[in-house]
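Structure first, commentary second.
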Amino acid sequence: MIVDTDQLLEVAWQGASAAGQLIQESWQKPKSIEYKGAIDLVTSVDRESERIIIAAIQHYFPDHSIVGEEETIVHGADQECRWIVDPLDGTTNFAHGYPQFCISIAFENRGIVMLGLVYDPVHQECFKAVRDGGARLNGATIHVSPLAQLDEALLGTGFPYDRRDFADLYLSYFKAFMVRSQGVRRGGSAALDLCYVASGRLDGFWEMKLKPWDVAAGALIVTEAGGVLSDFSGNAFSIYGQETLASNGLIQREMVEIASAVARETRVD
């Protein structure tokens, strides 16, 4: 199938802007909250946002496949074209009225992510990227930071939902990066953290056990802004992998060295 990225982006934005309006109107109001796990929650707004986005996609591309965080799986007639949707990345923040959350939409063709869109409705910031077409924030081209020293870097991170069971492991990485960087921030939305790397607000980011809908759009935005992604060992990054390490490229080697050292020290035989 020949992919028209302009049309795909327009549809992604149509779904994101409509869902974003719902989120913007709801984030400071009482929420209906359910728990998928001990600390993994979902709200009715997550589900309605996903419904809005899926409806927009299916209106224009009824044959495409879709996977969404809130249990939406559409096996379309065209298995080569797949949308990857996170209708509300940062649900815990949203549930508490903390303004750090977003919508993430990516489009994958034959296993390759072709476009990504991340929309922060509270701050009305829309990050977009098309493969081999650069990255933009509200229409303006963005680039990763030029900072070349890890000890001067501002890093972002997050903790998986099983952090109560593996707190020592995750804090080992946090400590290692904390003492080697200028600072570490824990925003609560991996998709936004990746976009902040792409726009130079963060110099690097690491997290474990993210899902494809958390990283698919943001990872493309990082690479199109001139950044680099890998796993913690420096191997090729996959949106289906267990490790995400992103940076401006200039501090990637140092970050990989630190992450690899922690992995060796904490390995359980």
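The values are calculated or read from the model by the stated rules, or taken from the named source; none is laboratory data. Keep in mind it's a predicted model, so treat the numbers as computed, not measured. So basically every Cβ, Gly included, is an ideal-geometry build from the backbone, and we count neighbours across all protein chains shown. The area values use the complete protein model at the heavy-atom level, side chains included, leaving out ligands, DNA and RNA. Shrake-Rupley method; radii C 1.70, N 1.55, O 1.52, S 1.80 Å.
For this structure, a couple of remarks:
- Looking across segment 118-148, the residues that are of a type in the set (Gly, Ala, Ser) and assigned to a loop (DSSP other than H, G, I, E, B) come down to Gly133, Gly134, Gly139, Ser145, Ala148.
- Among residues of segment 59-81 that are on the phi < 0 side of the Ramachandran plot and in contact (Cβ under 8 Å) with a residue 12 or more places away in the chain, those with a beta-carbon under 8 Å from a residue that is among the charged types (D, E, K, R) and in a loop (DSSP other than H, G, I, E, B) at least six positions away or on a different chain give the pairs Glu69/Lys211; Gly76/Asp63; Ala77/Asp63; Asp78/Asp63; Glu80/Arg110; Cys81/Asp63.
- Taking segment 184-201 as the range and being open to solvent by less than 10 Å² (accessible area, probe 1.4 Å) and not in a helix (DSSP H, G or I) as the test, only Ser189 passes.
- One residue alone among Leu220, Leu245 is under 30 Å from Leu8 (Cα atoms) and either at pLDDT below 95 or part of a strand (DSSP E or B) (or both), and that residue is Leu245.
- Members of segment 131-148 that are β-branched (Val, Ile, Thr) and crowded, with 18+ Cβ neighbours inside 10 Å: Ile142, Val144
- Within segment 225-241, the residues that satisfy the criterion of being of a type outside the set (A, V, I, L, M) and either touching a residue at least 60 places away in the same chain (Cβ under 8 Å) or over 17 Å from Asp214 (Cα atoms) (or both) are Gly226, Gly227, Phe232, Ser233, Gly234, Asn235.
- Restricting the search to helices (runs of 4 or more DSSP H) fully inside segment 1-117 and requiring at least 1 residues that are more than 16 Å from Ser189 (Cα to Cα) gives 5-26, 44-60.
- Segment 79-128, residues that are modelled with pLDDT of 95 or more, among the hydrophobic types (A, V, I, L, M, F, W, C) and in contact with a Lys or Arg (Cβ under 6 Å, 6 or more places away or on another chain): Met114, Leu117
- Here is the figure for segment 163-179: residues that are open to solvent by less than 40 Å² (accessible area, probe 1.4 Å) and charged (D, E, K, R) total 0.
- Residue check for Asp151: at pLDDT below 95, out of contact with any Leu (no Cβ under 9 Å at 6 or more places or on another chain) and either assigned to a loop (DSSP other than H, G, I, E, B) or open to solvent by 50 Å² or more (accessible area, probe 1.4 Å) (or both): no
- Residue satisfying all of: in segment 96-124; open to solvent by 20 Å² or more (accessible area, probe 1.4 Å) and among the hydrophobic types (A, V, I, L, M, F, W, C); nearest to Gly20 (Cα to Cα) among these: Val122
- Single residue of Ser181, Ser172, Ser233 found to be outside any loop (DSSP other than H, G, I, E, B), among the small types (Gly, Ala, Ser) and over 24 Å from Ser104 (Cβ atoms): Ser172
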